[in-house]
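Here the structure comes first, spelled out in C-alpha cells, and everything after it is commentary.
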Amino acid sequence: MIRDARGDDLATVVELWREFEAEAPEPAWRDDEAEVRQRELERAIGTDIVLLAEQDARPVGLAVADTKGERVGFLHILYVRPSARQLGVAAALVRATVDRLRAQGRDMLELEVVASNERARSVCERWGFEPAEITLAADIDTLVERLMSNEGRREDQHSVTKDLSASHLGLRFAEIADLPALSDVFRRASLSNEGDRASLLAHPDALEFSARAVDEGRVRVAAIENRIVGFATMVVTDQSGELDDLFVDPDCRRRGIATALVLDALDRAADQQLTRIEVTANPHALAFYESVGFVSDGMRQTRFGPGNRMHINVPPSSRSG
C-alpha cells in the first residue's frame, strides 16, 4: 500500500531516510548536512510529496518529491528496504508520485543518482529517464596540478602542433598502409575520455580498429606532413550518411581537425546526393556536434550507455549541382 505520510510518521520517515543515506551516501567531500536534511523532511510532510510504502502494516519504502517551476517535479528520495525489493514497490512509489505531480499540472519528473550507484541508474533508464545534466567534481589541488601539467605538455608539443592550421591540414582517403596509425589514434582517442576508459578496457574488442572500412573506401584521414592526426568513417544508407567514427589524436585537439572532417563529410555527402548525415554522439562529444550544426533527435541506448542521436542536413545548394 502507498499512502501519504502524516505528522506522526516523522520518526519512520527519518529512519527510512537514514537507511537510504547509508546505502547511497553523498560524496565524501560534501559537508554533513544531516540535521538540515532532517528539518527539511519535517517541513515536507504535509507540504510536499512524502509517500510511504507499507507491507503488512510495516514501512518498506519512501519517496520524497517537490516541484520546480511550472512543469517539473523533482524526486529527492526513492528508497525501498532490501527485504521488499524486486516486488514492484519502487515503481509503485514513482507512479504515486507522478499521480500527485500530474494533479498539480506538472509533466516532467527529474531525479539525481550518485554516479557509483549503477543499479539505480539502470532501473531509472529502464523506466525512461535520460541524462539531462552531468555534475563533475575535482579536488582543487589535483585540478591545479593537472592544469599546470597540461600547460607544460602544450609547450612540449609546440613543435608538432603550432602549425595545425587549415592550410597545413590535408584530407584524403585512408589506405591499408595507414592501419597502424589509424589504430593508434583510435585507441588513444577512445581511452582519453575518463568516463569511457574503464568500460572500454573491460571490453578489449571495442578498441580494435577494423580494416574493412578502409578496404571499402569509407575512411577519410586528416594528416599534417604525412602524420595522421584524425579520421572519419561514414556509411551510406538510402538518402543519408551515418558518421560511424570521428576521432582526433588527443595531442592535436582544439585545432579545427574534427570540424574539417565534418565539413569534408558534408562535401562527400553532397557529391552522393545525400540529404543528411546522422551520428550517435557520446555525452562528452555532444557540445562539439552541436557547435558544428548537428541537432538532437533523442536518446538511444548503446553498448556502453546512452548516446544522443543527432543529424545535420546537407545544404540543398550543395546537392543541386
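Taken together, the values in this text are just the output of simple stated rules run on the coordinates, not laboratory data. Treat the numbers as computed from the prediction; the structure is a model and nothing was measured. Methodologically, a virtual Cβ is constructed for each residue, glycine included, from the backbone with ideal geometry; neighbour enumeration extends over all protein chains shown.
Applying the criteria of a DSSP loop state and at most 12 other Cβ atoms within 10 Å to the trypsin sites (Lys or Arg not before Pro) of the range 283-313 yields ARG303.
Let me make sure I get this right: for the range 159-319, a, b and c are the square roots of the gyration tensor eigenvalues over alpha carbons, sorted descending. Under 1.5 in a/c it's rounded, otherwise prolate if a/b > b/c, else oblate. Which is it? Since a/c stays below 1.5, the shape of the range 159-319 is classed as rounded.
Seen against the Cα atoms of the chain and their longest principal axis, helix 257-271 is set at about 70 degrees. Sparsely packed loop sites in the range 12-82 (the trypsin sites (Lys or Arg not before Pro) outside DSSP H, G, I, E and B with at most 10 other Cβ atoms within 10 Å) comprise ARG30. A Förster radius of 45 Å, combined with the Cβ-Cβ distance separating THR259 from ALA24, puts the computed FRET efficiency at roughly 0.65.
Each of [x] 109; [y] 183; [z] 133 is a candidate for volume of the Cα convex hull per residue in Å³; the one calculated from this structure is [y].
Full extension of the chain segment joining GLU175 with GLU110 gains 18.6 nm, where the gain is 0.36 nm per residue of separation less the Cα-Cα distance. Computed from label points 7 Å out along Cα-Cβ, the spacing between GLU54 and THR302 is 4.8 nm. The slack between ALA137 and SER210, meaning 0.36 nm per residue of separation minus the straight C-alpha distance, is 22.7 nm.
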